[in-house]
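K.L.:
Input: one structure, supplied below.
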Amino acid sequence: MNTNIDNPLCDELVIDTREIGTDFYEYTKNKKKYDSEGTVPILTIERADKVAIYTSRRNRLMLMQLSDSASKLLLWIIQSVEYGEDYIKFNTHNFIKETEMSVRTLTRAKRNLIDNKIIAKMEGKSSYYWINPTFLFKGSRVKKYPDNLSVYRSDSYVAMSDSKCTI
């Protein structure tokens with residue numbers, strides 16, 4: 001594939017960024033260069049909200065099982081989830097208004113997401129749903145679930161989890 005071709009979908013792309021200080025990784029890679037120039041590389045980060053969708057064969061196969069309405073609901077959830085939260089307060093009125101989906105179709109879409117373990121109904125809270133963080137998360141799963149970490153080592157894999165994530 002020729003990667004020198006410009007992506008035609010980038011014509012209106014503007015990435016809002018912020019400089020947050022020295023890029024120590026880049027500096028240590030090219031220390032002599034930066035020291036001789038008397039400069040330091042600046043770390044620039046993207047400011048836009050983003051949600052991580054974790055990839056695996058299991059997740060890909062599960063996504064292929066979703067109905068069109070469940071896929072649409074999942075995209076709506078991805079756009080609506082709050083930073084650092086593993087649940088969503090589902091606003092049926094807003095969803096139906098934005099998507100023009102019927103209540104009956106929405107109910108089937110929710111059931112499809114529940115059956116595929118992407119969401120789970122929160123006990124005692126009628127409009128709240130857990131979001132499966134093995135599939136998607138907005139924020140740092142490392143900070144949210146410190147008891148669920150596994151440390152990868154190139155010579156061996158050491159699991160360090162007494163997982164409290166039951167979805």
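Every read-out reported here was derived from the displayed coordinates using simple, explicitly stated rules and does not represent laboratory data. From a predicted model like this one, the values you see are computed outputs, not experimental measurements. Ideal geometry is used to build each Cβ from the backbone, glycine not excepted, and the neighbour counts take in all protein chains shown.
K.L.:
Quick one: L66, L61, L73, L9, fewest Cβ neighbours within 10 Å first, how do they rank? Please list the in-between numbers first.
P.N.:
Working: L66 18, L61 10, L73 25, L9 7.
Sorted ascending by nearby Cβ count, the order is L9, L61, L66, L73.
K.L.:
Only one of the values (1) 1.11; (2) 1.37; (3) 2.12 was calculated from this structure for Cα Rg over 2.2 N^0.38 Å; name its label.
P.N.:
Here the calculated entry is (2).
K.L.:
Could you give me the ³J(HN,Hα) list for the stretch 32-49, computed from phi with Karplus coefficients 6.51, -1.76, 1.60 and θ = phi - 60°, whole Hz, x at Gly and Pro?
P.N.:
Each residue of the stretch 32-49 in turn: 4, 4, 5, 5, 5, 7, x, 10, 9, x, 9, 8, 10, 10, 7, 8, 5, 5 Hz.
K.L.:
Which far-off residues, 5 or more places away or on another chain, put their amide H under 5 Å from the one on N116, with H placed in the peptide plane?
P.N.:
Answer set, sorted by chain and number: none.
K.L.:
Using Cβ counts within 10 Å as a stand-in for footprinting exposure, how do S69, S150 rank, fewest first?
P.N.:
Fewest-to-most Cβ neighbours within 10 Å comes out as S150, S69.
K.L.:
Another one. What list do you get for T39, T92 if you sort them by fewest beta carbons within 10 Å? Don't skip to the answer; put the middle values down first.
P.N.:
Details: T39 10, T92 13.
Least crowded to most crowded, the residues run T39, T92.
K.L.:
Residues of the stretch 26-46 with backbone nitrogen within less than 20 Å of a virtual label 7 Å along the Cα-to-Cβ line of T17, please, listed as ranges.
P.N.:
Within reach of a label on T17: 26-31, 34, 39-46.
K.L.:
Continuing with this model, one more query. What ³J(HN,Hα) values, in whole Hz, does the Karplus curve 6.51 cos²θ - 1.76 cosθ + 1.60 give for the stretch 75-87 when θ = phi - 60°, with x put for Gly and Pro?
P.N.:
Values per residue, Gly and Pro as x: 4, 5, 4, 4, 6, 9, 5, 8, 4, x, 9, 10, 8 Hz.
K.L.:
Could you list, bin by bin from short to long, the percent of Cα-Cα pairs of the stretch 52-137 in 10 Å steps?
P.N.:
Answer for the stretch 52-137: a P(r) of 17, 56, 26, 1 percent.
K.L.:
Where does the chain land at 222 nm, in deg cm²/dmol rounded to the nearest 500, when only DSSP H runs of n ≥ 4 count, each adding -39500 (n - 2.57), divided by all residues? It would help to have the intermediate numbers written out before the result.
P.N.:
Details: 7 runs with 59 residues, N = 167.
Here the helix-only value at 222 nm equals -9500 deg cm²/dmol.
K.L.:
If you don't mind, there's one more thing I want to ask. So which of K31/K143; K110/K138; K89/K143; K32/K143 end up more than 24 Å apart by C-alpha?
P.N.:
Details: K31/K143 31 Å; K110/K138 20 Å; K89/K143 22 Å; K32/K143 35 Å.
Violating the 24 Å Cα-Cα cut-off are K31/K143; K32/K143.
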